[in-house]
Amino acid sequence: MKISTVSKQSGISADTLRYYERIGLLPEVNRGENGIRDFNELDVQRVEFIKCMRRAGLPINVLIDYFTLVQQGDRTIQDRKEILMHQRTLLLERMTEMQQTLDLLNHKIDGYEDVVLGKECEFTRIEASIGRV
């Protein structure tokens, strides 16, 4: 599969995919006789995993460490699991902070709506007192 197809499917730019390959986050992608990258299904699955982990906030260096361990085989399973568990803890902490921020925003929005509703009620009372309603 060409890089343009992988880019379109994953939503990750071709430049970013090339960067991931250059820094070792993606293994060197096979190339056809013409030198064009030819992503296989395993490459595409790895791109999707990287995309998901990046969206969750994992830094590139952590992903590089993780994939370095993957390449070392089954003896690193526990280490890989520990990386993922630690990142899950960090993600849960960020989610808690984001929920607190969302709660504060909702409170502020509700306050503004109360102010607007109060002003509308006041306006209606004024109009009623002068006989416009």
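The values are calculated or read from the model by the stated rules, or taken from the named source; none is laboratory data. Predicted model, so just to flag it, every value in this text is computed and none were measured. When we count neighbours, we look across all protein chains shown, and the Cβ atoms used for this are built from the backbone with ideal geometry, even at glycine. Note: accessible area is taken over every heavy atom of the protein model, side chains too, but ligands, DNA and RNA are not part of it. Shrake-Rupley method; radii C 1.70, N 1.55, O 1.52, S 1.80 Å.
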Please give the peptides 77-88, 61-72, 99-110 ranked by average Cβ packing (other Cβ atoms within 10 Å per residue), highest first, as a rough proxy for protection. 61-72, 77-88, 99-110
I'd like the carbon and sulfur percentage of the solvent accessible area for the chain, probe radius 1.4 Å, heavy atoms only, ligands and nucleic acids excluded. 55
To the nearest 10 degrees, how steeply does helix 41-55 sit against the main Cα axis of the chain, on a 0 to 90 scale? 40
Rounding to the nearest 10 and keeping the result within 0 to 90°, find how far the Cα-based axis of helix 60-71 lies from the longest principal axis of the chain. 40
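Give the shape of the chain as rounded, prolate or oblate, defined through the alpha-carbon gyration tensor: a ≥ b ≥ c are the square roots of its eigenvalues, a/c under 1.5 means rounded, and otherwise the shape is prolate if a/b is larger than b/c and oblate if not.
On the way: a/c = 6.17, a/b = 2.36, b/c = 2.61.
Oblate is the answer for the chain, as a/c is 1.5 or above yet b/c matches or exceeds a/b.
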Centre separation in Å (Cα based) which lies between region 104-133 and region 49-82: 54
Where a Cα-Cα gap under 30 Å defines reach, which lysines qualify for residue 81, not counting those fewer than 8 residues away within the same chain? 51
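Let's see if you can work this out: charge +1 on each Lys and Arg Cβ, -1 on each Asp and Glu Cβ, no other charges. What is the dipole magnitude of the chain about its Cα centre, in debye to the nearest 20?
Values: 19 positive and 21 negative charges, 70 e Å.
Computed charge dipole of the chain: roughly 340 debye.
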What does the net charge come to around residue 37 if you take all other residues with beta carbon closer than 13 Å to its beta carbon, with K and R at +1 and D and E at -1? -2
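Count charges around residue 54 for me, please; just the other residues with Cβ under 14 Å from its Cβ, Lys/Arg as +1, Asp/Glu as -1. Intermediate results must be reported in sequence, preceding the final value.
Numbers: positive: 46, 51, 55, 94; negative: 48.
That sum, taken over residues with Cβ under 14 Å, equals +3.
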What does the net charge come to around residue 119 if you take all other residues with beta carbon closer than 14 Å to its beta carbon, with K and R at +1 and D and E at -1? -4
Of the residues 115, 29, 47, which exhibits the maximal mean-square fluctuation in a Gaussian network model of the chain defined by a 10 Å Cα contact cut-off? 115
